[in-house]
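Read through the structure below, which is laid out as structure tokens, and then see the notes.
The values are calculated or read from the model by the stated rules, or taken from the named source; none is laboratory data. All figures in this text were calculated on a predicted structure; none of them were measured in a lab. Cβ coordinates were reconstructed from backbone atoms using ideal geometry, including for glycine residues, and neighbour counts include every protein chain displayed. With ligands, DNA and RNA removed, areas are computed over all heavy atoms of the protein, side chains included. Shrake-Rupley method; radii C 1.70, N 1.55, O 1.52, S 1.80 Å.
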Amino acid sequence: MLIVFLSLTGNVRSFVKRTELESVEINYSDPLFEVQESFVLIAPSYDDDITDIISSFLNYKNNLDYLIGFVGSGNMNFDHNYCFNARDLAQKYNKPLLFTFEFSGTDEDVNYFKKEVNQLASTGIK
Ligand SMILES: Cc1cc2nc3c(=O)[nH]c(=O)nc-3n(C[C@H](O)[C@H](O)[C@H](O)COP(=O)(O)O)c2cc1C
């Protein structure tokens, strides 16, 4: 399972690095690249541009065919807007919101997410 992520200030990047899973980062100003294996997408939360940039990536070539679900990174101080980009994307593409974490996540978050990904992979998704 591939992890595709966007990170503006490094929190999501740090989380992904600690999972030691295979990953690829979306470039904010050049988000179009092709994936050809199942992936989970991790999004930070800022504004609607994040949803648009990730949508551009998802709509490129056949990328959407490989999308398993979304994970959000955010800050609970934003209250009802906590992880809103990942939630908006999950709704827009009718895919599950698998998990959310604050900032770069705790070690517990990293372990939980790795288990979740392993479980998804064991259901036959590669
Ligand atoms: C200007 C700004 C706006 C933000 N807006 C939200 C928000 O609406 N909801 C939320 O949950 N977190 C919000 N955050 C928190 C970030 O999403 C959070 O710090 C995240 O871990 C950033 O990931 P990154 O460092 O990989 O870019 C905001 C942070 C900044 C600096």
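Proximity of backbone amide H atoms, modeled 1.01 Å from N, is registered between residue 69 and 41 at under 5 Å, excluding neighbours fewer than 5 places apart on the same chain.
Around the amide H of residue 24, modelled in the peptide plane, lie the amide H atoms of 3, 4, 5, all under 5 Å away and 5 or more residues distant in sequence or on another chain. Considering only 93, 8, 51, the residue lying farthest towards the positive end of the dipole of the chain is 93, judged by Cα position with unit charges set on Cβ.
Taking only the Cα atoms of region 1-81, the radius of gyration and Dmax are 12.3, 37 Å. Rolling a 1.4 Å probe over the protein heavy atoms of the chain, with every protein chain left in place, gives an accessible area that is 45 percent carbon and sulfur.
For residue 80 and residue 14, the difference between the fully extended length at 0.36 nm per residue and the C-alpha to C-alpha distance is 21.3 nm.
Distance between the modelled labels on residue 25 and residue 112, one decimal in nanometres: 2.5 nm (7 Å Cα→Cβ projection). In order along region 54-64, the Karplus-derived 3J(HN,Hα) couplings, from 6.51 cos²θ - 1.76 cosθ + 1.60 at θ = phi - 60°, round to 5, 5, 4, 4, 5, 8, 7, 6, 9, 3, 4 Hz, and Gly and Pro are given as x.
Less than 5 angstrom separates the built amide H of residue 100 from those of 72, all sequence-distant by 5 or more or on a different chain.
Counted residue by residue at 0.36 nm each, then reduced by the alpha carbon distance between them, the extension gain from residue 33 to residue 64 reaches 10.0 nm. 3J(HN,Hα) along region 21-26, derived from phi through the Karplus expression 6.51 cos²θ - 1.76 cosθ + 1.60 where θ = phi - 60°, amounts to 8, 5, 8, 9, 9, 7 Hz, with x in place of Gly and Pro.
Once the 1.4 Å probe is applied to the protein heavy atoms, region 2-122 comes out at 53 Å² accessible per residue.
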